[in-house]
1. Using each residue's phi in the range 123-139, evaluate 6.51 cos²θ - 1.76 cosθ + 1.60 at θ = phi - 60° and report the 3J(HN,Hα) Karplus result to the nearest Hz, with x for Gly and Pro.
2. Which ³J(HN,Hα) values in Hz, rounded to whole numbers, follow from the phi angles of the range 24-31 under the Karplus curve 6.51 cos²θ - 1.76 cosθ + 1.60, where θ = phi - 60° and Gly and Pro get x?
Amino acid sequence: MVMETYLVYLAAVAVFFATPPDTSQLLIISNSIRHGLRKSAYTIAGDLTANCLQMTGAAFGLAAIIATSADVFIWVKWLGVAYLVWIGLQLVLSKEHTPDVEANASGQAIRLFRQGFVTSMANPFAVVFFGALFPQFIDPASPVLPQLFILGMTYIVVDGAILLLWGWAGIKATTALKRVSFGVVNKVCGCLMIAAAALLATKDFQPQR
């Protein structure tokens, strides 16, 4: 892959992330505030693992399957909406508490990882997105797999850095606004999560024929 093409791809990924926080980023913010940035790394790991699977699916043609099968897409879509609403309601109904940085409850790491993984996998548009993005920067005259690896790892690194930045920013903002209770922060993040799920539910999908 020539450097010019790679730099254009890097710019495209940067522009993609220059948006208000999505559901995964909202979850990172909430978990960072509740458990600390170190514990929220499990959620980030779950999110990035899901991204790796989605990229693999796109590379092997799953994007084409989803894009042409309305039944598959709709099932994934509504299961994702239900899970996002469930997480949002948990945050809205959570009791007032201070951030739990030192607690080491059994299975907490698995639970945080699962939240990040399922929240990311709940977006059925991700596979289609990767399936549409990567071909724009691949030279068919060169080996494809090394190019896919470079594009995928670049996305993972940028995504991980952005998630860490959102988690850090959430902690700093909450610390600065000391009068705002952590219960209020959870409820705001929960409401935003439910709103994002509602937005996902209203997106129309017209499979190609």
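Every number in this text was worked out from the coordinates using simple rules, so none of it is lab data. Keep in mind that what you see is a predicted model, and the values were worked out from it rather than measured.
1. 3J(HN,Hα) across the range 123-139, in whole Hz: 8, x, 6, 4, 5, 5, 4, 5, x, 8, 6, 4, x, 5, 10, 9, 8.
2. 5, 5, 4, 5, 4, 4, 4, 5
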